[in-house]
Amino acid sequence: MDIISSLSDLRAARLSFEGTVGLVPTMGYLHEGHLSLVSRARAENEHVIVTIFVNPTQFGANEDLSKYPRDLDRDLSLLRPLGVDVVWTPSAEMMYPPGYQTWVEVEALTHPLEGSMRPGHFKGVTTIVAKLFNATQPHKAYFGQKDAQQVAVIRRMVVDLNFPLEVIVCPTQREADGLAMSSRNKYLNEAERKAATVLFRALRAAKELYEAGERDAEILRIKMKEVLEMEPLAKMQYVSCADYDSLEELDVLKGRALLSMAVFLGKTRLIDNFVLG
Ligand code: AMP
């Protein structure tokens, strides 16, 4: 496993690869969710590149950039057994040198949900992902369903900008009690960690209604709110029942739908989602 920081070394490594290349972009502090993407990439490609980069441009001014958890040695020891060819760890100065002024923006899809709560977030995401695609030239790129809107936005960007690659979406990995794995779970104290299962419980309650035949989106949103309100440590930011592709709020569920939410546990903001249909 080569650990590379410069762009020129990365390009040289990429040029030496014959056969298909799978890319797994991450911000590090890896957990089983990330590793499931790496394993899938390993199974489907001759070469695997993992990037570890805490991308400053996707964090808002009041967000957790400076305290985002980092542990490169731990990340590398988790990746070594998985047969990764290259781990690329570029610096922020290299990705955004002085004078930097080029951005990639997806429009309507970035307006609701996370986009409405985190202005500028997706502009940072699409810009860095486009840069990672250009640098690593993958055949397939692996993303988690955990970040459902990110997946929708990146898929749109790949189509709109004619990136010659396939986006592979991998299922959300969860703790035994249902909490979606996330690097940010580290911020939770013991009481918040227990309460954090409320996201999963709210999604599950709405899904149960759906499976019993309910197709009124507002009833599913109300069910999720009710479950969240029963947890005193949880503060809902939004709940949504939207069309899976357009992310527009639904009145009535017909095709595939996305149940999603953002919830604060203390100062920690968690997101989760289920796909229906
Ligand atoms: P991050 O390091 O948080 O930017 O995540 C890197 C990639 O891992 C993204 O594509 C995420 O959607 C994905 N990911 C994060 N958490 C999970 C999870 N619990 N299950 C599956 N994929 C995940």
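No value in this document is a laboratory result; all are computed from the given coordinates. Note that the structure is a prediction, hence the values are computed from the model and not measured. Cβ sites come from the backbone with ideal geometry, for glycine too, and all protein chains shown count toward neighbours.
If you place +1 on the Cβ of every Lys and Arg, -1 on the Cβ of every Asp and Glu, and leave all else neutral, what size is the dipole of region 1-148 about its Cα centre, to the nearest 20 Debye? Spell out each step's value before the answer.
On the way: 13 positive and 17 negative charges, 10 e Å.
Roughly 40 debye, rounded to the nearest 20.
Here the Karplus curve 6.51 cos²θ - 1.76 cosθ + 1.60, taken at θ = phi - 60°, turns the phi angles of region 172-184 into couplings of 5, 8, 10, 5, 4, 8, x, 4, 5, 5, 7, 4, 6 Hz, with x standing for Gly and Pro. Amide H to amide H distances under 5 Å link Gly144 with Cys170, where only residues 5 or more positions off or on other chains count and H is placed in the peptide plane. A Förster radius of 25 Å, combined with the Cβ-Cβ distance separating Tyr100 from Ala43, puts the computed FRET efficiency at roughly 0.10.
Extension gain, Ala108 to Ile3: 0.36 nm times the residue separation minus the Cα-Cα distance gives 34.1 nm. The charge dipole of the chain, taken about the Cα centre with unit charges on the Cβ atoms of Lys, Arg (+1) and Asp, Glu (-1), comes to about 340 debye, rounded to the nearest 20. Assuming a viscosity of 1.306 mPa s and a temperature of 10 °C, what translational diffusion coefficient in µm² per second does Stokes-Einstein assign to region 1-150, Rh being the Kirkwood radius over Cα pairs? Diffusion coefficient, whole number: 99 µm²/s. Binning the C-alpha pair distances of region 183-272 at 10 Å intervals from 0 yields a P(r) profile of 18, 48, 26, 8 %, listed from the shortest bin outward. Note on Ser246 and Met117: with the Förster distance fixed at 25 Å, the Cβ-Cβ geometry gives a FRET efficiency of about 0.85. Axis angle, to the nearest 10 degrees, between helix 121-136 and the longest C-alpha principal axis of the chain: 30 degrees.
Straight-line cross-link reach from Lys186 at under 27 Å between alpha-carbon atoms covers these lysines, not counting any fewer than eight positions away in the same chain: Lys67, Lys123, Lys146, Lys194, Lys225, Lys235, Lys267.
Say R0 is 25 Å: what FRET efficiency, to the nearest 0.05, do Arg184 and Ser77 get from their beta-carbon distance? Don't jump to the answer; show the numbers that get you there.
On the way: r = 21 Å, r/R0 = 0.85.
Between Arg184 and Ser77 the formula returns 0.75.
A crude spin-label estimate for the pair Asn134 and Asn162, with each label 7 Å from Cα along the Cβ direction, gives 1.6 nm. Applied to region 211-216, the Karplus parametrisation 6.51 cos²θ - 1.76 cosθ + 1.60 on θ = phi - 60° returns per-residue 3J(HN,Hα) values of 5, 7, x, 5, 10, 7 Hz, with x for Gly and Pro. Relative to the longest principal axis of the Cα atoms of the chain, the long axis of helix 32-44 makes an angle of roughly 50 degrees. Summing charges over neighbours of Ala41, with a neighbour being any other residue whose Cβ is under 13 Å away from its Cβ, gives -1 when K and R count +1 and D and E count -1.
Counting 0.36 nm for each residue step from Asp64 to Leu209 and taking away their Cα separation leaves a gain of 48.6 nm.
Cα convex hull of the chain: how many Å³ per residue? List each step's numbers first, then the result.
On the way: hull volume 36.8 nm³, N = 277.
Once divided by residue count, the hull of the chain is 133 Å³.
Summing -39500 (n - 2.57) over the DSSP H runs of n ≥ 4 in the chain and dividing by its residue number, what mean residue ellipticity at 222 nm do you reach, to the nearest 500 deg cm²/dmol? About -11000 deg cm²/dmol.
Each part gets one Cα centre, and for region 86-130 versus region 216-265 those centres are 26 Å apart.
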